[in-house]
Each structure stands twice: as C-alpha cells, then as structure tokens.
Amino acid sequence: KKRIGILTSGGDCPGLNAAIRGVAKAAYGMMDCEIVGIQDGFKGLIEDKSWEMLPKDFSGILTRGGTILGTSRTPYKKMRKIEKDGVDKVKNMVKTYERLKLDCLVTLGGNGTHKNANLLREEGLNVVGLPKTIDNDIWGTDMTFGFHSALDVATEVVDRIHTTADSHDRVMIIELMGHKAGWLTLYAGIAGGADVVLIPEIPYDVKKVVGSLKERKKSGKDFSIIAVAEGARNMEDPKAEDPGTDGFPSVSYRIAELIQRETGMETRVTIPGHQQRGGSPSPYDRLLATNLGAYAAEMIANENYGKTVSLINNKLYATPLEDVAGKLKLVDPGIELIKNARLIGIGFGD
Ligand code: F6P
C-alpha cells in the first residue's frame, strides 16, 4: 500500500483543488493507496499537521477555488536557517514524512515551492511537483494552472474599464499581479485591448508612455488604457529592489502622477489585486489541473520521483526538480506576441 502525502504551498489560485482531485482519483484508480493531506503547505510538514484523507474528500471540489488543504508562504531562503526557537525546519519536515510513513510527497506550487521540493529531494525524500501559479513563470512548462483563470478576471477588468475611460476621456491605469514576470499583464493587456502594456521584462520610460498617449490623442482618441504589472520597472532604475515607486503606494500611482503632470489628462488607477486569484477555475484550468494531477499519480505508480510535471507543446513530461528549482520563466521581449502587439500599435513604454 502506497502512502501519498499532498500539500499546496505559496499563493493560492483557482485549479489547486482540481489538481488535488486529479492526483487522488487517478491514484485510487491505479494503485492501492492512502492519501495524507498536509495542512497549510510546508508549514504543516514542519509542524507535523496533517490528516488522513478519504476518497469522498476529493469529490465536489473540481470547481472550488483556493485549496482544501490550506496554504502558506515558507520562503526557501529561510528553510535551512535555525530560528531563535531552535526549530530545525528541514529536520522536522523529514521527521514528519517518516512519522507518517509516506512513500512520496506531492507538492503543488510555484517557484518557491519547487525550490523547497528540490531541497526535500536532496534530503532523500520522494517528491513529485505540480506547477501552479497565476504568474505562469515556472521554468520548463508552457503553462501553469491558475494562470488562465486569473487571465479571465484580469481581462474582464480591462474590458470594463473601457466604457468609463471613454465616457470621462481619462487615462485609466490597471495594475495587475506579477512582481517578476509580466505574462498576466501582457496577455490581459492584449486580450483586453489596452493601449500601453508595461511589464517587468521591458523597463519603461514614462516619457515614452506619455508619447504614446499624446499620439493617441492626436489621432482623435481621447481616452487611453494602460495595463501595468505590479513589478514593472522604471528604465532609470531597472534593477531597483522596489521597482522605483518613489514613495508611491505602488508603481501605477507613480505613473499616474507623472502622466497627469505631463499631459494634463485626468488619470485613475484600478487595482483588482487578489480578485485575480479568487473564484472558480476556468474550464481551461480545470482541464489542465486534472490532466497534470492524473499524470502525477502515474509518476507515483511508476515511482518516477524527484520531478515536476511540465506541459510542453501540449504533451506532458516529468522534468527533474533540480532543473526547474531556482529558475524563472520570464517574458522574452522578442516573442512574436510582443512583436505583433507592437504592429497593432500597443506601446510598451520603451
Ligand atoms: O505568485 C502569485 C502572486 O499572486 C503574485 O502575482 C503576487 O505578486 C503575489 O502572489 C502576491 O502575494 P500575496 O498574496 O502573498 O500578497
């Protein structure tokens, strides 16, 4: 009988429960197994908080957002650090794994999770990863689950901003999630018909942004929509830790102030924030998460451990955790999507 531990870690997103369900249903169907839910991610593994799950726990959760297991952020950097209370997190995690008599641990998460999963692999545990994040920035996979659901929300925000921008002849700035990677802003910006898209991978110059707005005005368009990633970088200081917000609450307020000053156009900021991570997964994410989850169960059946599932050209692969951990899949400014967006007149502030 195989004992499978499962945890979700990092920021939640729609599709986590669909993936958990995919792993469980396929595992129950393929092998004699027991599933242990680890509470709140690696924190639960450190603090030995878990419960035995039953097949019924995985029913009715396909459409449910968030994660039935709970989640937390446990930064990789601090994993090997012994805190003042003397807790050795790595040792505790190995101890919990052994106490629960697990044969493997499935970790659903983003970049931080993959680093932690690789750390546990180095410690000799059998780990299988699954790529979730609304940022779509996990190296080695074309797509992560959570991204498309967030894209639906973000695109709807950009869509809805059009009528109010038009009625008031305003510049409307929509700040979307993504500190390091601009995938969500790029996709939602183009899908929602934004005029300017600012992403961390293409540092912006406010003068260029203002130039785009003035051009639009000259051609008779009195309103403009800017989609900006929360981690968009100012060209003057592209390496800044806090990307040049200069005392403003976030990057879009800084840009709004400069635009208003330079153009005299009324400018407003909209930040949908965690709405982008909330709610039921989109059909695409339900499919992707189910598919990835079932593949992970197959990896467990084959004892193909130390790997994470990747989608490459519509096929699933098991990619070594050590190849994925510590790398980010950022937007390459040279991709066709950006080239074509420029052709239809979208400005990138560069
Ligand atoms: O990684 C997902 C993400 O939503 C990022 O896009 C965002 O920058 C971050 O998490 C927000 O984290 P938190 O929910 O911890 O504030």
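Values quoted throughout were computed directly from the atomic coordinates according to the rules given, and no laboratory measurement underlies them. Model, not experiment: these values are computed from the prediction. Cβ placement follows ideal geometry from the backbone for every residue including glycine, while neighbour counts extend to all protein chains displayed.
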| said: Treating region 65-182 as a set of equal point scatterers at the Cα positions, no solvent, please give the Debye-formula log₁₀ I(q)/I(0) at q = 0.10, 0.20, 0.22 Å⁻¹. | reply: -0.46, -1.17, -1.29
| Amide hydrogen neighbours beyond the local backbone of Gly129, cut-off 5 Å, H modeled | Thr107, Lys307, Thr308, Val309
| note | Simple SL model, points at 7 angstrom along Cα→Cβ for Glu156 and Asn314; separation in nm is 2.8
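Report, to two decimal places, the Cα Rg of region 103-256 normalised by 2.2 N^0.38 Å (N = number of residues).
Numbers: Rg = 18.5 Å, N = 154, 2.2 N^0.38 = 14.9 Å.
Against the empirical 2.2 N^0.38 Å value, I get 1.24 for region 103-256.
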| task | Would you mind telling me the antiparallel percentage of the DSSP bridges in the chain, rounded to 5? | result | 25
| task | Could you tell me which of Thr185, Asn111, Pro272 has its Cα farthest along the dipole of the chain towards the positive end, charges placed at Cβ (Lys, Arg +1; Asp, Glu -1), taken about the Cα centre? | result | Asn111
| query | How large is the convex hull of the Cα atoms of region 195-330 per residue, expressed in Å³ as a whole number? | reply | 168
| query | Which of Leu287, Gly11, Ile68 sits farthest toward the positive end of the charge dipole of the chain, with +1 on the Cβ of Lys and Arg and -1 on the Cβ of Asp and Glu? | reply | Ile68
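At a Förster radius of 41 Å, what calculated FRET efficiency corresponds to the Cβ-Cβ distance of Asp32 and Arg80, to the nearest 0.05? Don't skip to the answer; put the middle values down first.
On the way: r = 36 Å, r/R0 = 0.87.
It comes out at approximately 0.70.
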| Residue exposure sequence - Met177, Met30 - by fewest surrounding Cβ within 10 Å | Met30, Met177
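Give the average over all directions of the projected area of the C-alpha convex hull of the chain, one decimal, in nm². Mind showing how you got there, number by number?
Working: hull surface 72.6 nm².
Its average projected convex-hull area is 18.1 nm².
Pick out, in residue order, every one of the GluC sites (Glu not before Pro) in region 6-106 that is DSSP loop and has at most 12 other C-beta atoms within 10 Å; say none if there are none. If you can, show how the numbers build up before the last one.
On the way: sites: Glu34, Glu47, Glu52, Glu83, Glu98; in loops: Glu47, Glu83.
Listed in order of number, the matching sites are Glu83.
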| How many angstrom lie between the C-alpha centres of region 88-167 and region 175-236? | 27
| field | Residues Lys132, Lys95, sorted so that the one with the fewest Cβ neighbours within 10 Å comes first | value | Lys95, Lys132
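Over region 151-201, what is the mean sequence separation of C-alpha contacts under 8 Å (at least six apart), divided by residue count, expressed as relative contact order in percent? Write out the running numbers ahead of the final one.
On the way: 50 pairs, mean separation 20.9, N = 51.
It rounds to 41 percent for region 151-201.
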| field | Residues with amide H under 5 Å from that of Ile174, placed H, sequence gap 5 or more | value | Ile226, Ala227, Val228, Thr270
| field | Rel. contact order, % - alpha carbon contacts under 8 angstrom, at least six apart, region 1-127 | value | 35
| note | At q = 0.10, 0.16 Å⁻¹, the log10 of I(q)/I(0) for region 1-130 from a Debye sum over equal Cα scatterers comes to -0.28, -0.73
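Take Leu287, Leu125, Leu321, Leu328 and order them by how many other Cβ atoms sit within 10 Å, fewest up front.
Numbers: Leu287 16, Leu125 21, Leu321 25, Leu328 12.
The most exposed by this proxy come first: Leu328, Leu287, Leu125, Leu321.
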| task | Let me know the volume per residue of the alpha-carbon convex hull for region 19-67, in Å³. | result | 80
| task | Tabulate in residue order the Karplus-calculated ³J(HN,Hα) for region 158-164, using 6.51 cos²θ - 1.76 cosθ + 1.60 with θ = phi - 60°, rounded to whole Hz; enter x for Gly and Pro. | result | 4, 4, 5, 5, 4, 5, 6
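Structure shown: which of Lys1/Lys95; Lys43/Lys84; Lys307/Lys329; Lys115/Lys339 lie over 28 Å apart, alpha-carbon to alpha-carbon?
Numbers: Lys1/Lys95 20 Å; Lys43/Lys84 17 Å; Lys307/Lys329 17 Å; Lys115/Lys339 33 Å.
From the list (Lys1/Lys95; Lys43/Lys84; Lys307/Lys329; Lys115/Lys339), the Cα-Cα distance tops 28 Å for Lys115/Lys339.
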| If one takes the longest principal axis of the Cα atoms in the chain, at what angle in degrees, from 0 to 90 and to the nearest 10, does the Cα axis of helix 16-30 lie? | 30
| task | State to the nearest 20 debye the size of the charge dipole of region 1-143 about its Cα centre, where the only charges are +1 on K and R beta carbons and -1 on D and E beta carbons. | result | 200
| query | Using a simple charge model, +1 on the beta-carbon of Lys and Arg, -1 on the beta-carbon of Asp and Glu, nothing else, what dipole does the chain show about its Cα centre, in debye to the nearest 20? | reply | 460
| Built amide H within the under 5 Å cut-off of Ser282, gap 5+ | Ser149
| When only Cα pairs under 8 Å and 6 or more residues apart are kept, what is the percent relative contact order across the chain? | 24
| remark: In nanometres, the difference between 0.36 nm per residue of separation and the alpha-carbon distance of Lys101 and Glu336 is 79.7 nm
| query | Which aspartates and glutamates have a Cα lying under 17 Å from the Cα of Lys89, excluding residues fewer than 8 positions away in the same chain? | reply | Asp40, Glu47, Asp48, Glu98, Glu122, Glu123
